[in-house]
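The values are calculated or read from the model by the stated rules, or taken from the named source; none is laboratory data. These numbers come from a predicted model, not from an experiment. When we count neighbours, we look across all protein chains shown, and the Cβ atoms used for this are built from the backbone with ideal geometry, even at glycine.
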Amino acid sequence: MARDTGPKCRICRREGMKLFLKGERCLTEKCAIERRSYPPGEHGRGRIKQSEYLLQLREKQKARRYYGLLEKQFRTYYTKAAKGSGVTGEELLRMLETRLDNVVYRLGFAASRAQARQLVRHGHFHVNGRRVNIPSYQVKPDDIVSMSPGSSAEQVIRDATDLTASVAPWLQADHDGLTGKILKLPARQEIDTPVQESLIVELYSK
């Protein structure tokens, strides 16, 4: 399973904002952004020459890291979105949001997307009563996501629900029964991903 194994806090500092990659730690004073709000590296505090390409690249990197994808995976999603009939940027975000690992995180069943990815990979969740261990699995409207019966990760999942302030409006969650339902595909205004998808489209369109 391909994934980024580098320091998570360094990624947030690079993008200049919290991407909530480490779950509960991101909500405490230990968060790297709170302590060192400048980019990592020897020249982190130096002046960076802004350019159109740099802005586009940073948005793409931010989105890719936000969802925990490698470059090849992200490019594949963009290619599929570009072939669709809708607005390419919105289609891209919609496909990323409906990944099973992201849905598990959005439902509040994991403290971070990395934890959600691991829980899915280890078979702790069912979709419509069937075990699914593919983090990139695309959920559809009316799908039911539930914890696998007798899962050894039940306490971890319940601890994660305690950190959840709200659930995305296109989802319905039952934190007592540890089940969730996809009500519909998310509209752009219902996706709070902190990126300007138009810049990503401009970058890949060159």
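Scanning the range 155-164 for any residue that is among the hydrophobic types (A, V, I, L, M, F, W, C), in a loop (DSSP other than H, G, I, E, B) and modelled with pLDDT under 95 turns up at least one such residue.
Only one of the numbered conditions (1) assigned by TED's automatic domain parsing to the domain that holds Glu197; (2) buried (at least 18 other Cβ atoms within 10 Å of the Cβ); (3) among the polar types (S, T, N, Q) is violated by Ser146, and that is (1). Condition check: modelled with pLDDT under 90 and touching an Asp or Glu at 6+ places or on another chain (Cβ under 8 Å). Does Arg58 satisfy that? Against the criterion (modelled with pLDDT under 90 and touching an Asp or Glu at 6+ places or on another chain (Cβ under 8 Å)), Arg58 qualifies. Every test in (1) surrounded by 19 or more Cβ atoms within 10 Å (Cβ to Cβ); (2) at pLDDT below 90; (3) within 17 Å of the chain's Cα centre (by Cα) is passed by Val103 save one, and that test is (2). Candidates Ala114, Ala81: the one that is under 25 Å from Asp176 (Cα atoms) and small (Gly, Ala, Ser) is Ala114.
No other residue among Ala110, Ala116, Ala168, Ala153 is over 25 Å from Ala63 (Cα atoms) and touching a Leu at 6+ places or on another chain (Cβ under 9 Å) apart from Ala153.
For the range 113-132, the condition of being of a type in the set (D, E, K, R) and over 17 Å from the mean Cα position of the chain (by Cα) holds for at least one residue.
Residues of the range 66-99 that are under 16 Å from Val145 (Cα atoms) and either basic (Lys, Arg) or surrounded by 24 or more Cβ atoms within 10 Å (Cβ to Cβ) (or both): Arg99 alone. Please indicate, with yes or no, whether at least one residue in the range 123-134 is out of contact with any Asp or Glu (no Cβ under 6 Å at 6 or more places or on another chain), of a type in the set (Gly, Ala, Ser) and surrounded by 15 or more Cβ atoms within 10 Å (Cβ to Cβ). The answer is no; no qualifying residue exists.
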